[in-house]
Amino acid sequence: MKLKIYNTKSKTKEFFKPIDLNNIRIYVCGPTVYDRAHIGNARPVVVFDILYRLLKYIYGEKSVTYVRNITDVDDKIINKSISQNKSVDEITSETIKWFAEDNKYLNVEKPTHEPKATQYIPQMISMIETLVSKKNAYVLEDGEVLFSVNSFNTYGFLSRQNLESMMIGNRIIIDKRKRNPLDFVLWKPTSRNNIGWNSPWGYGRPGWHIECSAMSKEILGDTFDIHGGGIDLIFPHHENEVAQSICANNKRLLANYWMHNGFVNIEGQKMSKSLGNYLTVDDLRRRNIDGAVIRFVLLSTHYKQPLDWTSRKVDEAQNILNKWYNINNKQNSKINGIPPNKILDALCDDLNTPLVLSEMHNLLKEEDYQGFTNSLIFLGLNPINSKNSINSQKDQQKEKVNEIINLLIHERKNARGNKDFKKSDKIRIKLEKAGVSINDLENETKWTLKPNFNPRILLTEE
RNA sequence: GGCGUGUUGGCAGAGUGGUGAUGCAGCGGAUUGCAAAUCCGUUAACACGUGUUCGAUUCACGUACACGCCUCCA
């Protein structure tokens, strides 16, 4: 079983060769914590969770170090703290809590480290000092420190850009103080009223990219195995990280493999707040969409491709998982075990999760229930959030809903007993309209809520 | 303008130089008071052009279309 990874750097699929078999090191750019995580944020979290599980399986539970950072200093956070009249710390700690809850809901394993940018300010300052002393960076009069892209001759290699052609685009704001318009901020001066730290260049805060260079160096070392994130981060974020790290550390490489996941669209449209098609994990949870369903949809398209999030896909995922869980309940397979080779092979082929899911169907056809259960758990698609654990604070309301549904089902049963099929059909149609799907078994009727569940319809007469 | 990705059956979505993806939907059947669920069977695709090849959906080149990045963004 050999893992292959598509490497953005080489634009080809390569066999994965670890630097140290006993310590596979991976760094993934995590969220900037200023708002609820949307499904676009959830995608890399789930994708790299699969990679983390796979690496642990191949190289051993204790031989993988997975770092997913948290950016807790940033303009967006500061703006929100001003507009909501809350401290930066309040905003970030609340958002971090939400993020953790969402990840739990999505059955995402905790990374080895989740460093916060604000805890690594001294490391950032020291890295910037090195860059200044090596003339890879320069200090302006007001204390702003900029990285000089001309000082790094392979700048643009990762994103396949060259300095000249980037300049032709008219989107670069010309700042005369910059030696090259593409020079980017390492340290930004700020007023004493704002969040900031003392530095050799005065009171200020770090630029966007330096945090990842500082944290990855501190936790993983100068060069590590895999660096991941969203496709939009290739330029400028990762390009700049490479430049900073290589210049500061005097190494040839930052990461051997670069992996980037595609964007998420909503019903064919680019997700954006202004279009009103902005979906958070919390929105979906409130709509009774199980974490496993979200996970399934996110894994049903290959991670490199754009993913179109549609309600149809959610319904399909829900139906498939319902079916799978019913089979699983019947089979009573043991909990522990290794997924079959065809599942692992598909995962090893650059995380081909759509193929994995289709092989899951095939396992059922072959009646390999043990292999199926093992795979389900391996993929994190096992039902950890039972329906009843959703919105636990709303248990009372839930109980009421349960009561009404059970009452209607009881009425239907009586009607059927009396061969009053007109009445029983009416009840069934009403339940269906409300998003309750019913299933007549030999001596009982089971029901489940569909994503379009709307309790109001239950309360209307006729 | 630069860089990059994609175009597969009704929909979603893998993959392959020659044979089956898979799921949903559809169609036929079993079962059912009806429905759902389940089971059996089944139809159907590789944007266009040229080239390479015994053979191309798969490789190369070109065309068209779509999308992304180059500005904060996962």
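Of everything listed in (1) buried (at least 19 other Cβ atoms within 10 Å of the Cβ); (2) without any contact (Cβ under 8 Å) to a residue 40 or more places away in the chain; (3) of a type in the set (Gly, Ala, Ser), the single unmet condition for A:Ala37 is (2).
Take A:Leu254 and decide whether it is away from RNA strand B (no atom under 15 Å from the Cβ) and more than 14 Å from A:Val314 (Cα to Cα).
Yes; evaluated as a whole, the condition is true for this residue.
Quick check on A:Thr118: is it hydroxyl-bearing (Ser, Thr, Tyr) and not in a loop (DSSP other than H, G, I, E, B)? In short, yes. Report every pair of residues separated by at least 6 positions or lying on different chains whose Cβ atoms are under 7 Å apart, first residue within the range A:414-436 and within 7 Å of RNA strand B (Cβ to nearest atom), second at pLDDT 90 or above and of a type in the set (Lys, Arg). Between residues of the range A:414-436 that are within 7 Å of RNA strand B (Cβ to nearest atom) and residues that are at pLDDT 90 or above and of a type in the set (Lys, Arg), the close pairs are A:Ser424/A:Arg412; A:Ser424/A:Arg416; A:Arg428/A:Arg412. Taken over the range A:207-221, the residue count meeting the criterion of being crowded, with 20+ Cβ neighbours inside 10 Å and in contact with a strand residue (DSSP E or B) (Cβ under 6 Å, 6 or more places away or on another chain) is 4. Being surrounded by 14 or more Cβ atoms within 10 Å (Cβ to Cβ), within 14 Å of RNA strand B (Cβ to nearest atom), β-branched (Val, Ile, Thr) and touching a residue at least 40 places away in the same chain (Cβ under 8 Å) is a description that does not apply to A:Val145. Selection of the range A:389-418 for residues being at pLDDT below 90, touching a helix residue (DSSP H, G or I) at 6+ places or on another chain (Cβ under 7 Å) and open to solvent by 70 Å² or more (accessible area, probe 1.4 Å) yields an empty set.
Take A:Ile121 and tell me if it is in contact with a Ser or Thr (Cβ under 7 Å, 6 or more places away or on another chain) and among the aliphatic types (A, V, I, L, M). Against the criterion (in contact with a Ser or Thr (Cβ under 7 Å, 6 or more places away or on another chain) and among the aliphatic types (A, V, I, L, M)), A:Ile121 does not qualify.
A:Leu55 meets each of the listed conditions (1) touching a helix residue (DSSP H, G or I) at 6+ places or on another chain (Cβ under 6 Å); (2) more than 12 Å from RNA strand B (Cβ to nearest atom); (3) not polar (S, T, N, Q) apart from (1).
Just one residue in the set A:Lys97, A:Lys80, A:Lys76 is open to solvent by 10 Å² or more (accessible area, probe 1.4 Å) and without any contact (Cβ under 8 Å) to a residue 24 or more places away in the chain; that residue is A:Lys97. Per the listing A:Phe184, A:Phe224, the residue uniquely in the same structural domain as A:Glu141 (by TED's automatic domain parsing) and open to solvent by 10 Å² or more (accessible area, probe 1.4 Å) is A:Phe184.
The sole residue among A:Asp349, A:Asp315, A:Asp308, A:Asp345 that is of a type in the set (Asp, Glu), within 24 Å of A:Arg53 (Cβ to Cβ), open to solvent by 10 Å² or more (accessible area, probe 1.4 Å) and within 10 Å of RNA strand B (Cβ to nearest atom) is A:Asp349.
Taken together, the criteria exclude A:Arg43 from residues that are open to solvent by 30 Å² or more (accessible area, probe 1.4 Å) and either in contact with a strand residue (DSSP E or B) (Cβ under 6 Å, 6 or more places away or on another chain) or not polar (S, T, N, Q) (or both). Once the range A:257-270 is narrowed to residues that are within 10 Å of RNA strand B (Cβ to nearest atom) and hydrophobic (A, V, I, L, M, F, W, C), the residue that is most open to solvent (accessible area, probe 1.4 Å) is A:Phe263.
The values are calculated or read from the model by the stated rules, or taken from the named source; none is laboratory data. Remember, it's a predicted structure, so these values are computed and weren't measured experimentally. Cβ sites come from the backbone with ideal geometry, for glycine too, and all protein chains shown count toward neighbours. Just the protein is used for accessible areas: all its heavy atoms, side chains included, with ligands, DNA and RNA removed. Shrake-Rupley method; radii C 1.70, N 1.55, O 1.52, S 1.80 Å.
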